[in-house]
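The structure appears right after this line, and notes come after that.
The values are calculated or read from the model by the stated rules, or taken from the named source; none is laboratory data. Values in this document were obtained by computation on a predicted structure and should not be read as measured data. As a convention, Cβ positions derive from the backbone with ideal geometry for all residues, glycine included, and neighbour counts pool all protein chains shown. Each accessible area value is taken on the protein alone, full model and side chains, heavy atoms only, with ligands, DNA and RNA left out. Shrake-Rupley method; radii C 1.70, N 1.55, O 1.52, S 1.80 Å.
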Amino acid sequence: MEKERSDQFTHTLQHKDRENIWHHMSIYNEHTPVIIEQGEGAWIKDSLGNRFLDGMSGLWAVNVGYGRERLAKVAYEQLKKLCYAPLTQSHEPAIRLAEKINSLLEDDYMMFYSNSGCDANEIALKLIRQFHQQNGEGTRYKMIASYRAYHASSLGALAATGQALRKYKYEPLTPGFLHVAPPDPYRRPKGQSMEVYNLARARDIEEKIIEEQNETIAAVIMEPFITGGGVFIPQQTYVQEVERICRKYGVLLIIDEVICGFGRTGKLFGHQHFGIRPDVITMAKGLTSAYLPLSITAVRKDIYDKFKEIDGYSHCRHMNMFGGNPAACAVALENIKIIEEEGLVQRAKDLGIQLLHDLQDLLELPFVGDIQGLGLLVGIELVEDKASQRPAKEERVASIIAECKANGLIVGKNGGTVEGSNTIITLSPPLCCTDEDLEFMVAVLKRVFAAHV
Ligand SMILES: Cc1ncc(COP(=O)(O)O)c(C=O)c1O
């Protein structure tokens with residue numbers, strides 16, 4: 001009886017859904033969504049009572065896991081006290097959060113609040129163009145980004161994105177964006193050392209700067225580790241060399257921490273693996289663990305100083321009404337407190353080492369080409385055969401994802417990236433995973449993969 005009721009309830013909701021919701025990234029009228037009702041720790045439950053371990057933390061975001069009463073309470077209390085104040089004025093949660101983020105970044109930044117990773121990157125691009133104009137270098141407007149990287153779907157951030165399938169039919173986008181190949185250790189030339197390969201990839205950026213004329217280049221924008229486009233882990237040499245090249249040519253460095261931030265890779269921020277000093281850092285997702293929308297564009301103070309009023313238009317004129325909502329800021333502060341109190345950054349590092357170790361057996365299968373990962377961020381690349389390294393057929397990827405789901409595990413993939421190359425299965429589970437959660441994830445993956453030989 002109970003089952004019949006939940007089946008009926010789900011069916012009704014799915015019907016109404018189909019009539020009214022245009023789903024993200026979904027094919028016309030083909031989508032029958034799972035209706036998610038509840039979450040606890042790393043697990044979610046749907047309207048039919050099925051439980052899934054969420055191996056993707058929603059969309060790489062619910063870092064502290066689901067069902068945190070502390071976060072709900074903080075939001076409730078803040079909404080009662082003050083639901084909204086525009087940041088043309090100020091409020092205490094925004095002030096406290098900005099101070100806290102500065103202490104975590106170990107440098108001196110100014111925080112510009114907004115609502116999404118998209119906003120944060122769009123603001124970064126605008127602020128940098130304005131900076132160069134006000135710094136006497138108005139010819140610098142071009143940005144260099146990586147193929148495969150994702151920086152969001154608005155016309156500017158999409159132009160920075162290096163994924164052709166995300167752009168197709170939306171072009172022309174904002175002009176002035178150039179792309180270079182990121183390091184993909186799996187596909188480096190045979191016999192080339194990692195060190196030489198990573199340096200060569202960084203030098204591609206230098207060449208691009210020279211070929212395009214140094215004085216026209218405003219910034220390099222990059223994720224510390226490419227995530228949604230497939231998981232690519234560069235060597236320290238690469239990122240440090242990119243920073244050196246930026247400094248040499250007066251080009252600013254924007255680091256997109258929207259996924260890598262807040263512990264995902266076993267450091268609080270991804271760039272902290274490399275000892276670099278970004279000019280601008282963007283963050284969202286794990287900032288509130290997705291309990292409420294919030295993002296930040298952190299801009300180094302010496303850049304901010306170029307926004308002193310000279311001509312009536314020297315201040316930043318980007319505006320977004322919801323940015324820095326008091327409840328979202330309060331949730332972010334509490335979320336960071338949880339990450340610190342529970343040692344979730346270290347936990348991500350330790351679990352990540354375990355996970356990579358446990359997944360090594362998969363490499364023996366003929367269709368598993370490569371596994372890359374750091375912390376709780378892992379990509380498993382499927383190929384047609386190891387010798388050619390040709391990407392697997394997408395049907396194989398879809399069937400593995402579906403079977404993982406049927407076995408209670410949600411995994412992702414680098415969807416809609418580059419034609420024929422969307423064959424990297426991704427894992428990005430909550431950082432609060434238990435040892436048993438990890439064992440479950442590995443067991444399901446091994447079972448499903450083995451059945452595909
Ligand atoms: C690296 C990166 N940057 C930016 C974004 C855009 O964030 P949002 O979807 O919150 O606009 C994403 C989203 O997945 C992302 O992965």
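Descriptive notes on the structure:
- Estimated [θ] at 222 nm from DSSP helical runs (n ≥ 4, -39500 (n - 2.57)) normalised by residues in the chain, nearest 500: -12000 deg cm²/dmol
- DSSP bridge pairs, the chain: antiparallel proportion in percent, nearest 5: 65
- Ratio of Rg to Rh over region 67-340 (Cα coordinates, Kirkwood Rh, two decimals): 0.97
- Diffusion constant of region 21-131 at 37 °C, which comes from Stokes-Einstein with the Kirkwood Cα-pair radius and 0.692 mPa s, µm²/s: 184
- Relative contact order [Cα under 8 Å, 6+ residues apart], the chain, whole percent: 21
- Prolate/oblate/rounded call for region 123-208, Cα gyration tensor, a/c under 1.5 rounded: oblate
- Pair-distance profile P(r), taking every C-alpha pair of region 277-356, with 10 angstrom steps and integer %: 15, 31, 33, 15, 5, 1
- 17 Å cut-off, amide nitrogen to a point 7 angstrom out along residue 306 Cα→Cβ, residues in region 206-231: 214-221
- Computed log₁₀ I(q)/I(0) - Debye formula, equal Cα scatterers, no solvent, region 339-450, q 0.15 Å⁻¹: -0.63
- Debye log10 I(q)/I(0) at q = 0.19, 0.21, 0.31, 0.32 Å⁻¹ for region 52-91, Cα point scatterers: -0.73, -0.77, -0.98, -1.00
- Each other residue within a Cβ distance under 14 Å of residue 301 adds +1 if Lys or Arg and -1 if Asp or Glu, for a net charge of -3.
- Region 154-191-region 1-59 distance, computed between alpha-carbon centres (Å): 32
- Intensity falloff of region 261-416 expressed as log10 I(q)/I(0), Debye formula with alpha-carbon point scatterers, at q = 0.14, 0.16, 0.19 Å⁻¹: -0.94, -1.08, -1.25
- Residue order for 16, 208, 405 - accessible surface, 1.4 angstrom probe, largest first: 16, 405, 208
- Rounded D (µm²/s) - region 178-241, Kirkwood Rh over Cα pairs, Stokes-Einstein at 25 °C, 0.890 mPa s: 195
- Translational D in µm²/s for region 381-425 (Stokes-Einstein at 10 °C, 1.306 mPa s, Kirkwood Rh from C-alpha pairs): 147
- Accessible surface of residue 30 - all protein chains present, 1.4 Å probe, nearest 10 Å²: 130
- Hull-based mean projected area of region 50-189, where the convex hull spans the alpha carbons, in square nanometres: 14.2
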